[in-house]
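Notes to accompany the following structure.
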Amino acid sequence: MRKFQWPRRAIAKQESQIQSPSFYGMWDTISRFAAEIRASDFTADMIRRRDAYGSEGAMGAIDCATLYGLTRWLRPTVVVESGGYVGMSSAFILKALTDEGLAAAKLHSIELSQECEQGALIPDELRSVSSSFVPMRGRIEDFLKRNELPSSIDMFLHDSSHSYRHMLWEFHQFWPRLRDGGLLVSHDVQMNAAFPEFVAETYAHDKKTGRRDAQWTSHYEWGRWGYIGFAIKKS
């Protein structure tokens, strides 16, 4: 498995502090990307598309901007999302990959519903870029059993069933597949305790001080913006 490497914008000071890195630069970069895309013509067009199609079940613009910022910061080449639905989140991931010039990157988008038009909101110019959008229709459990998903991924987005048990199940399934420095992202983390409980599981604490034991804690950083939660894996 690849060792954690800072995205290309990282500064030397951060690289020298890998045991307890500073993430101030990451927060600045993600917030800048999110602000840029939120004010862009792309977002305005996506909101029009979403509202014309029907906004129920589609990710909101603020969370999409956060997702875009996270994706651009990480620069992933293998992304898996559950609950891709009509493609609002997919479009912002694909836009981030395109803006970073990641022509070989792939987004595997899983959708259970047979009724919805999977990926309908994705603009044609993003859908056709190097066949980066890989729609997968069916149960995520079945794709995992048949080994039809990449064994090593850079980023996973949960946005399917938001029941407590299913969210925890997906987190536990895909956390081991993430590379060192990979992102686990979840939408609608406010709906139950699954995300904070999962993050709590990744902590180890020093017995004397009660503070985080950086050597054994299995995340570098975690956070929440809007209804988006994320954790950066540490192997």
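We did not get these values from a lab; they are worked out from the coordinates using the rules stated. As the structure is a prediction and not an experimental result, all values here were calculated from the model.
Relative to the longest principal axis of the Cα atoms of the chain, the long axis of helix 88-99 lies at roughly 70 degrees. Only helices enter the 222 nm calculation for the chain: every DSSP H run of n ≥ 4 contributes -39,500 (n - 2.57), and dividing by all residues gives -10500 deg cm²/dmol, rounded to 500. Can you tell me what percent of all Cα-Cα pairs in the range 150-235 are more than 18 Å apart? That fraction is 41 percent.
Length, then width, then depth: along the principal axes, the Cα atoms of the range 18-124 run 48, 27, 24 Å. Considering only Cα atoms, the convex hull volume of the chain works out to 126 Å³ per residue.
Take every Cα-Cα pair in the range 48-108 and report what % of them are more than 19 Å apart. Result for the distance tail: 28 percent. Once divided by 2.2 N^0.38 Å, the Cα radius of gyration of the range 59-177 becomes 0.99. Computed 3J(HN,Hα) for the range 60-72, one whole-Hz value per residue from the Karplus formula 6.51 cos²θ - 1.76 cosθ + 1.60 where θ = phi - 60°, is x, 5, 5, 5, 4, 5, 4, 4, 4, x, 4, 5, 5, glycine and proline marked x.
Of the DSSP beta bridges with both residues in the chain, give the percent that are antiparallel, rounding to the nearest 5.
On the way: 12 of 31 bridges.
Approximately 40 percent, going by the DSSP bridge assignments.
Once the Cα atoms are used to define both axes, helix 41-53 deviates from the longest principal axis of the chain by about 60 degrees.
I'd like the orientation of helix 164-174 relative to the chain: the angle between its Cα long axis and the longest Cα principal axis, in ° from 0 to 90, rounded to 10. The two axes meet at around 70 degrees.
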